[in-house]
Amino acid sequence: MTDSLRIFRKLAQANLLANARLHRACAALDPAELTAARPSFFGSIQKTLNHILMVDRFYLNALLGRPLDTAWLDAADSCPDLPTLAAWQTDSDRALLAHVESLTPDALVEIVAIDRAARVQHDRRDDILSHLFQHQTHHRGQVHGMLSATPVKPPQLDEFIVGDDHPARAEDMHLVGWSEAELMR
C-alpha cells in the first residue's frame, strides 16, 4: 500500500531543513547586504524571506481552520531582522510539519476554507499543500540567486530527501534534532 502522506511529510521536512540552511547562510551577510536593493520580485533578500514567512503563515492559518489574522501576517511581512525572522520561520515550519503529520489520507481531499478577507476561497487540502511547497521553493530560489551577488556563497538547498544525501544533510539534521530514521520513514 502506498503512503499518500509520505510525500507531504518529506516535503515539509525538506522545507524546514532548506529554510534553516538558507537562514544560516543569510546570517553571514552584513545587515546592509541583507536589505540592499536587488533586482528581484520583492527587491531584497530580507523582503523575500519576509514574504516566504508571511505566505506560510497565511496558508497554515487556513489549513488549521483559523480565520484570517492580518496582524500576524503583517508582523511577518515587516519583520526587520533576520534572527527574529529565522525563529518565526522555524516555528512556522515545525507547525506545518506537525499539521502534515497529523493528517489522514482522507484529510488530504477535504475542502479547506481560505479566508481572504474580501472572499473565502475553497480548495482541497492536498492542492493547498502542493501550492505552498512550490511557493516556498520558488522564493528560496530567488534568495539563492540574490546571494550569488554577495560575498556569501549560496548554499545547496536540495540535499535532503533521498538516502544518498545523508552526508550533505548530516549537520542540518543534527541542528534540528532529527534522526535519519525520522526523515527516511
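The values are calculated or read from the model by the stated rules, or taken from the named source; none is laboratory data. Only a predicted model underlies this, so the values are computations on that prediction, with no experimental measurement involved. Every residue, glycine among them, receives a Cβ derived from its backbone with ideal geometry; neighbour counts consider all protein chains shown. Just the protein is used for accessible areas: all its heavy atoms, side chains included, with ligands, DNA and RNA removed. Shrake-Rupley method; radii C 1.70, N 1.55, O 1.52, S 1.80 Å.
Things worth noting here:
- Residues that are without any contact (Cβ under 8 Å) to a residue 40 or more places away in the chain, under 25 Å from LEU29 (Cα atoms) and surrounded by 15 or more Cβ atoms within 10 Å (Cβ to Cβ), drawn from the stretch 78-109: CYS79, TRP88, SER92
- In the stretch 103-131, residue farthest from the chain's Cα centre (by Cα) [restricted to those that are within 17 Å of ARG6 (Cβ to Cβ) and part of a helix (DSSP H, G or I)]: ASP106
- The listed residues are VAL143, VAL100, and the only one of them that is assigned to a helix (DSSP H, G or I), in contact with a helix residue (DSSP H, G or I) (Cβ under 7 Å, 6 or more places away or on another chain) and closer than 16 Å to ILE52 by Cβ turns out to be VAL143.
- Unique residue being free of Cβ contacts under 8 Å to residues at least 12 places away in the same chain, in contact with a strand residue (DSSP E or B) (Cβ under 8 Å, 6 or more places away or on another chain) and either open to solvent by less than 20 Å² (accessible area, probe 1.4 Å) or among the aliphatic types (A, V, I, L, M) (or both) when the list is VAL120, VAL112: VAL120
- Tabulated pairs, the stretch 151-167, first without any contact (Cβ under 8 Å) to a residue 24 or more places away in the chain, second part of a loop (DSSP other than H, G, I, E, B), C-beta under 6 angstrom, 6+ apart or interchain: ASP165/GLU159
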